[in-house]
Structures are given as structure tokens and as C-alpha cells.
Amino acid sequence: MTASVERRGGLSGAVAAEWTKFWSVRATWWCLATGAALMLGYGTLSGIAQRYGDRPEGAHTIALGGGFYLTQFAVIALATLFVTSEYAGGGIRSTLLWTPVRSRVVVAKAAVLLPVLFAYGVLLACAGMALAGAVKDGHGLPTSLEAGFTTASGMGGYFALLGLLCTGTGWALRSAAGTLVSVIVLLVPLPLIVASLGLPEAVPYFPGIAGVNAMVETGQPNPITMTPAPYAPWVGLAICAAWAAAALLAGTAVLRRRDA
């Protein structure tokens, strides 16, 4: 009897439970819809601007503009709420009761977010580039297949790893506000502060900058820093993966100690 229950549970059972919880709350759909609206809305407006502006841009550059910059905050909110909403509503008690192995809970939530956010990023990038290309109607620079692939795969990878970074931070802090502030500070103002302190060479190794570097071809300028990345796109994803792994390890350690 025990062996039968174990076969129906374990990691696969925990992943199935988290998958159901993820899609059964309205916050998931609101965050995904908001991110899509921001990306497509910006792509449309920027595509129209190409007809009248003096700075031609390719569709992949448009997709990496304000639409992506804003959409990442919808991803941050989605991943953060996936963990912290259970603490706010008390559902974490049931989650930890049903899945007593703490690391298994962390892995299960990560296993749900990783493919969803990767697919979300790829689809949004492709949709944003397609819409911008259609609206600008030949104005601006063309987008090569290589550039489009780098942008789409990089955005998918960055969104997936950003989600893991947020969940790890959420496990450690148990607070939506604390997690949002911590992650946003890490992505946006902290690299600027580090650069102002005379350490600009450290800026490309922060997750937000590394993520954007993963979406541009080697030698092309980062649209945020306006300087070429000192490494290949896959290295940018590896840097983001290191940050995500560190956050997950920290979150797991805190969860084990605090909610043993």
C-alpha cells in the first residue's frame, strides 16, 4: 500500500499539483495577458513610428524595446505570486503537508514555471516581431533569420530563468512586496549604481543585463547599455542560470530551516 501511494505521489505528483494550482488562479491569466498586451501594444506603436522616424530599426530590435522591458515585470509578478500567494492565503500549510520533502516543493514549482515561461517568451518574441514587421511595412532595417532566432530563444530562456530567480527569492522572503522590490532592484537600479561607482565591467554580469545580452547577436549593442556584450548570447543565459540557481538554493535552505 505504501509503495503504491509513493508511486502515485513523489515528484511527479507534486508537479501535477503545482500545475493545477498554477492554471486555476486568475492571477496567472492576468499576468500572462498583461505581458502579451504590453509586448504587442509596444510593437504596434513602434512599428507605426518607423514610418515617420529617422532611426530605422529591425523587428527584432523593436521586440527588445519597451515592450520587452515592461513585459518582464509581468513575468516577475507571475513568478512571485506563484510562491508568495500561498503564504498570504495560508495555502502553504496544505502544500507542505501534502509534500513533506521541502526541496521537492521547490523543484515542483520550478518545473512548472520553466517550460511555461520559456514558451511564453518565445511566442511573445515571435508575435512581437511579426506584428512590428507587418505594421512598419518595409520601413526600417530587415530582420535576419539568425537575429530573429537569437531574440526569440534568448527571450524565452531569460523569462524562464527570471521566473526561477523570483521563486527562489520568494521562498527565502515569503513576501510578495519584498520579493518584487528585491528582484527589481537587482535588475534595474543596482547595475546603474555599480557602474556609477566605477565598476562598469561588472554590469554585464547582472541578470537583467545578461538576459538582454542573450537576445542580441554577438557584437551587436545591448539596447539598454548601448554597448556590445563581452560574451556570446549563450553565456548571458548561463549567467542568468547561475543567479537563478543561487536564488533557488538559498530559498530551499531557508525553507528547510524555517518550515522543517
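Key figures
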{"item": "Degrees separating the helix 233-258 axis from the principal Cα axis of the chain, which is the longest one", "result": "20 degrees"}
{"item": "Accessible carbon and sulfur surface of the range 11-257 relative to its total accessible area, %, 1.4 Å", "result": "71 percent"}
{"item": "For the range 174-185, 3J(HN,Hα) per residue [Karplus equation, 6.51 cos²θ - 1.76 cosθ + 1.60, θ = phi - 60°, Hz, x = Gly/Pro]", "result": "6, 10, 5, 5, x, 5, 4, 5, 4, 5, 5, 4"}
{"item": "The range 11-257, relative contact order in percent, only Cα pairs under 8 angstrom and at least six apart counted", "result": "23 percent"}
{"item": "Proximal charge balance of residue 94 [Cβ under 12 Å; K/R count +1, D/E count -1]", "result": "+1"}
{"item": "Angle in degrees between helix 26-50 and the longest Cα principal axis of the chain, rounded to the nearest 10", "result": "10 degrees"}
{"item": "Per residue solvent-accessible surface (Å²) - the range 100-230, probe of 1.4 Å", "result": "41 Å²"}
{"item": "Charge dipole of the chain about the Cα centre (unit charges at C-beta), most positive-ward option of 114, 59, 48", "result": "114"}
{"item": "Reported label for calculated Kirkwood radius over Cα pairs in Å given (i) 20.7; (ii) 19.2; (iii) 19.7", "result": "(ii)"}
{"item": "Cα-based helix-to-principal-axis angle, 66-89 vs the chain, degrees rounded to 10", "result": "10 degrees"}
{"item": "C-alpha center-to-center spacing [the range 196-260, the range 81-143] in angstrom", "result": "18 Å"}
{"item": "For peptides 114-120, 69-75, sequence by mean Cβ density within 10 Å, most packed first", "result": "69-75, 114-120"}
{"item": "Efficiency of FRET from Cβ geometry, residue 190 and residue 33, R₀ 35 Å, rounded to 0.05", "result": "0.75"}
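The values are calculated or read from the model by the stated rules, or taken from the named source; none is laboratory data. If you're wondering where the values come from, they're calculated on a predicted model, not measured in any experiment. Positions of Cβ are backbone-derived with ideal geometry, glycine not excepted, and every protein chain shown enters the neighbour counts. In case anyone asks, the SASA skips ligands and DNA or RNA and just uses the protein heavy atoms, side chains included. Shrake-Rupley method; radii C 1.70, N 1.55, O 1.52, S 1.80 Å.
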